[in-house]
Amino acid sequence: MKGFRGQNLLVRVLIVALLVGVGAYAFTQVRTFAHATAASKSATTGCQLNAPQGKVKHVIYLQFDNVHLSRDNANVPSDLEQMPNLLNFMKHNGVMMSNNHTPLIAHTATDFLTSLTGVYPDRNGMAESNSYGYYKPDGSTGFASSFAYWTAPLFDKYTNPPTDTTYNLLTAQGKNAPAPWVPYTRAGCNFGTVGMANTALENTGIDIPTVFGANSAEAAEAKANPSLAQTDYVGIAVHCAQGSSVCATANNGKTDALPDEPGGYHNFQALYGHKYVAPQISPNGPLKDLNGNVIQDYKGNPGFPGFGGLTASTSLAYVAAMQEHNVPITYAYMSDAHDNPNGNAYGPGEAGYVARLKSYDQAFGTFFTRLTKDGINASNTLFVVTADEGDHFIGGAPSPANCNGVTLPCNYSQIGELTTNLTGLLATQKGIKTPFDLHYDSAPMAYLTGNPARDAAVTRQFEQAVASLTEKSPLNGKTQKLANYLADPVELKLLHMVTADPARTPTFTLFANPDYYVQTGAADCTQACIYEDPGYAWNHGDISPDINRTWLAFAGPGVKQLGVDNTTWADHTDTRPTMMALLGLKDDYAHDGRVLFEVMQNNALPPAVRDHLSFYIHLAQVYKQLNAPVGALSMVTWRISTRALASHSAGDRTYNQLENQLQLITEQRNGVTSQMIAALESAEFGHANPSTRSQQSMLTQANALQDRVVKMAAAQQ
């Protein structure tokens, strides 16, 4: 990945690498006895999941940052191949789906939130991440962090207070998005989170006042010692069921406030931060990682180690301790393995990269052994493991050419993303000096100063210029176009990237060649407007198969034992409804994703689906290809949008014609997919049976729309 999970892309120099090495873990008699006692305690809680046959008693959800199932170098085993303890556990007890996909933009915050909620960014507010731009009333641009607590307002630490006071996380109606822990806590289950986006405190600037209050002791600590407050309160939380002793006021439990939660959410409490959570899950002393080391920050203070410090050994230790102490639902984040804390980024098969993956594998071996001793296994636990996105490696060929990393390390003389000064390129190549701001990325969003209309002359000239920019690559010496795809608000709406906050909508988005990382700079190229940055070598956010295709694994009761499934097409929105169906729970809103019937055992399927399985699978598959941001329909419209924005014609005729057609496609797509998801949700979480007439109508409309779009694209060639 580029930087760590909480990175502000505009201030890269503030990144602090807190990566902790891992190794073997040895159990002791004392620890084993504590596990047995804690497991018994967990088994007596009031957690009442409604899973088929009542077998699921625990949920363990793990999401990696940029960890790959597919190989980046054909000779080098992939990340998961180098973690056989995890890969084999999921394959042998369930299914590893290799054809899962991201939403857009393919970045950590967007991808995690889409997985957590089952809705696309237009319904969770995070179309751009890991920070996002917004227009101020004067037409200038501010930038906010994607990472703020679930109920926090927009957090712009450079403009305080910000001019935009909307919630960070927004529904399509502009309300605070429903929280993912609610179905669990309403079912009497405590929900623990380890670094998962927005479910615990993410910062000390806005989150501590939001949760604890501006005049609280915690807020005073944040002002006096922000570093220690980060260690004490950020990254870790437990959201409790009503009446749970874990989050009692005596244990520093605070009100778990969700002001816009559908159906209301009252009399629930939560623990926020390692300082308050650790005594409940490690009552006999400081919490330790799976190597037996006290979990601590970079200054040696016991507590949250930072998001970069959530390696497998650390993150899984939190999970195990929570599971052993009355927190049967745990969601956890794990940092990637290819960032080098001591220098340039690692390439596939480099010794440091391989060593980190080995340590991750050892941690998973220890973790599964520990859970087994606790009586937590695939017979009574739903395991869900996935990654936020893939990412694109930027570098030359390895040396030696036949290296495999494991027995013969690889080395790279050429490595690093191609950092590009868009301001300089536009001025030097095209004479364009229009003021603008940019969300730095390989898929940057551009904000033209003054927020001109999408069809204004200044906007169109800027887009036309960007579409034709070229640069000679330092990697291969070839002259390449910078832009692969362009999307203004018309196409962004089709891609589910326009939120309820109009101030967040950019002038347009540039999906660049994924070798390039695009930023602003001097308005000339007297110094190089492009250079290789060896500190970063893995780009994401863009539209590229190695970025947008990732993996998703399920294991446990109700899941078929399929090994590797290379065929079932899914994306991050499908994770949430599939979990809810396997657990017998229900959200108070409709998902954008669908239940993955193909991986569920027959007795776990909803009755209406079981009775008409082939129909619902077909309906779901057609629905996904129409609605997903990287589905078949969108793959065509990206190209149409790019042609529109790049076009030069009298009166901008081509642009207007294509944009009008894209708007019509979006309207028609939304019409048919709303019917399709309503039918799916009714069968998945209700008792509906399909109507022959309505089924034929939906599928006929869907096929006709897809055919029209394909023909339209062909006519533009």
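The values are calculated or read from the model by the stated rules, or taken from the named source; none is laboratory data. Note that the coordinates shown come from a computational prediction; the quantities given were computed from them, not determined experimentally. Reconstructed Cβ throughout: ideal geometry from the backbone, glycine too, with neighbour counts over all protein chains shown. To get the accessible areas, we keep the full protein, side chains included, count just its heavy atoms, and leave off ligands, DNA and RNA. Shrake-Rupley method; radii C 1.70, N 1.55, O 1.52, S 1.80 Å.
Of Lys358/Lys481; Lys175/Lys624; Lys586/Lys624; Lys223/Lys433; Lys560/Lys711, which pairs sit farther than 31 Å apart, going by alpha carbon to alpha carbon?
Distance filter (> 31 Å) returns Lys358/Lys481; Lys223/Lys433; Lys560/Lys711.
Give me the Kirkwood hydrodynamic radius of the chain in Å, from all C-alpha pairs, to one decimal place?
26.0 Å
List the residues, sorted by chain then number, that are 5 or more residues from Ser131 or on another chain and whose placed amide H is less than 5 Å from its amide H.
The answer is Leu9, Ser146.
Please express the Cα-Cα pair-distance distribution P(r) of segment 351-455 as a list of whole percents, one per 5 Å bin, running from 0 to the bin with the greatest distance.
The percentages, shortest bin first, are 2, 8, 9, 12, 11, 9, 10, 9, 10, 8, 5, 4, 2, 0.
Classify segment 336-375 as rounded, prolate or oblate, taking a ≥ b ≥ c as the square roots of the eigenvalues of its Cα gyration tensor: rounded when a/c is under 1.5, otherwise prolate if a/b is larger than b/c and oblate if not.
Prolate is the answer for segment 336-375, as a/c is 1.5 or above and a/b outweighs b/c.
In whole percent, what relative contact order does the chain give with Cα contacts below 8 Å and a gap of six or more residues? Walk me through the intermediate numbers first.
Working: 1650 pairs, mean separation 148.2, N = 717.
21 percent.
Taking all pairs of different Cα atoms in segment 519-600, averaging 1/r and flipping that mean, what Kirkwood radius in angstroms comes out? All intermediate terms of the calculation are to be shown ahead of the outcome.
Details: mean 1/r = 0.0599 Å⁻¹.
One decimal place: 16.7 Å for the Kirkwood radius.
How far, in nm, would the chain grow between Ala355 and Asn99 when pulled straight, counting 0.36 nm per residue and subtracting the alpha carbon separation? Please report the intermediate quantities before stating the final value.
Details: separation 256, 0.36 × 256 = 92.16 nm, distance 2.74 nm.
Roughly 89.4 nm would be gained on extension.
Write down the accessible area per residue of the chain in Å², having rolled a 1.4 Å probe over the full set of protein chains.
Spelled out: the 1.4 Å probe surface of the chain, per residue, equals 34 Å².
Per residue and in cubic angstrom, what volume does the convex hull of the Cα atoms of segment 73-229 have?
191 Å³
Once you keep just the Cα pairs under 8 angstrom separated by 6 or more residues, what percentage relative contact order results for segment 233-388?
That works out to 16 percent.
Could you name the lysines in cross-link range of Lys299, using Cα to Cα under 17 Å and dropping any fewer than eight places away on the same chain?
The reachable lysines, counting only those whose Cα sits under 17 Å from Lys299, are Lys275, Lys288.
Using a basic spin-label model with each label point 7 Å from the Cα along Cα→Cβ, how many nm lie between Gln621 and Lys433?
5.7 nm
Taking the Cα centroid of segment 447-506 and of segment 201-278, what is the distance between the two, rounded to the nearest whole Å?
So the separation of the two Cα centres works out to 40 Å.
So if R0 is 22 Å, what FRET efficiency would Asp588 and Glu667 give, r being the distance between their Cβ atoms, rounded to the nearest 0.05?
0.20
For the chain, what % of the accessible area comes from carbon and sulfur atoms, probe 1.4 Å? Let's see the in-between values first.
On the way: 12580 of 24570 Å².
For the chain, the apolar C and S fraction of the accessible surface comes to 51 percent.
On a 0 to 90° scale, report how tilted helix 84-93 is relative to the longest principal axis of the chain, with both axes built from alpha carbons and the result rounded to the nearest 10.
The helix 84-93 is inclined about 80 degrees to the chain.
What is the angle, in °, between the Cα long axis of helix 692-715 and the longest principal axis of the Cα atoms in the chain? Nearest 10 is fine, range 0 to 90.
40 degrees
Quick one: divide the alpha-carbon radius of gyration of segment 212-344 by 2.2 N^0.38 Å and tell me what you get.
Output field value: 1.11.
Cα convex hull of segment 71-124: how many Å³ per residue? Can you show the working numbers first?
Values: hull volume 6.2 nm³, N = 54.
Expressed per residue, the convex hull around the Cα atoms of segment 71-124 is 114 Å³.
Using only the alpha-carbon atoms, how far is helix 108-117 inclined from the longest principal axis of the chain? Give it as 0 to 90 degrees, nearest 10.
60 degrees
Relative to the compact globular guide of 2.2 N^0.38 Å, what is the alpha carbon radius of gyration of segment 401-501, as a ratio?
Working: Rg = 18.1 Å, N = 101, 2.2 N^0.38 = 12.7 Å.
Rg over 2.2 N^0.38 Å, computed on Cα atoms: 1.43.
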